[in-house]
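The values are calculated or read from the model by the stated rules, or taken from the named source; none is laboratory data. Computed from a predicted structure; not experimentally measured. Cβ atoms come from the backbone with ideal geometry, glycine included; neighbour counts cover every protein chain shown.
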Amino acid sequence: MQRKKPIKTINFLESYPADTAIIGGLIAHLQNDLFAMTFPQREIDEIIISVDEALTNAIQETLRRQCDSAAPTRERTREITIRYRITRKSFDATVIDHGGGLNILTSIEQSPNSTMPNYSGQIMRYMTESEQKKLRITRNGRKIALRGIGAGLKILLAFMDSITIDFIDRKKVISTDITSFTDGTILNMRRKRRY
């Protein structure tokens with residue numbers, strides 16, 4: 001009887017319509033791949049939380065941009081793309097969306113600051129303001145509220161070793177700044193095996 005060779009690398013690349021319904025299946029697939037590479041449950045959980053957050057943000061931004069443009073049609077429905085690579089020692093993923101881009105400085109300025117004395121008050125104010133500003137859209141006849149308290153970047157920073165964010169730019173192709181030509185975000189996250 002011949003033994004199977006251990007898997008050295010798992011690569012995944014796929015594009016999907018910007019719809020939150022895809023997240024469950026993608027996460028289940030990623031979880032199975034991490035398990036196949038013998039990652040411990042704690043590590044799997046941290047990676048899953050990060051990828052779930054990145055996917056959710058990518059879908060929300062793409063839908064927001066799509067709603068801002070003319071009425072979406074099947075031809076205009078934008079997609080998100082996810083790519084990941086898992087080895088025995090590391091995890092690397094890229095999520096590409098077609099939203100307006102993440103303004104990091106504004107996001108950090110608006111997020112509650114745990115080093116300030118009134119941190120809990122900041123969280124309550126931020127949640128209230130987020131609730132009032134949330135975007136409501138209708139997708140396939142259902143109303144969807146797009147909201148969040150903006151903690152996604154902090155989650156990614158906590159669970160990943162490195163994060164890079166580039167912007168898809170209709171004028172320069174790739175940019176490090178948000179401009180009127182920004183047409184999406186390329187988020188890359190990397191992590192060496194920790195446990």
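Inspection of region 63-78 finds no residue satisfying the criterion of being surrounded by 15 or more Cβ atoms within 10 Å (Cβ to Cβ) and at pLDDT 90 or above. When THR164 is tested against (1) at pLDDT 85 or above; (2) surrounded by 12 or more Cβ atoms within 10 Å (Cβ to Cβ); (3) of a type outside the set (D, E, K, R), only condition (2) is not met.
Looking at (1) at pLDDT 90 or above; (2) touching an Asp or Glu at 6+ places or on another chain (Cβ under 7 Å), find the lone condition where ALA58 falls short. Among (1) at pLDDT 90 or above; (2) touching an Asp or Glu at 6+ places or on another chain (Cβ under 7 Å), the lone unmet condition for ALA58 is (1). Scanning region 9-26 for residues that are part of a helix (DSSP H, G or I) and surrounded by 14 or more Cβ atoms within 10 Å (Cβ to Cβ) turns up THR20, ILE22, ILE23, LEU26. Candidates are the residues of region 167-195 that are under 17 Å from the mean Cα position of the chain (by Cα) and at pLDDT 80 or above; the one that is farthest from GLU79 (Cα to Cα) is ARG191.
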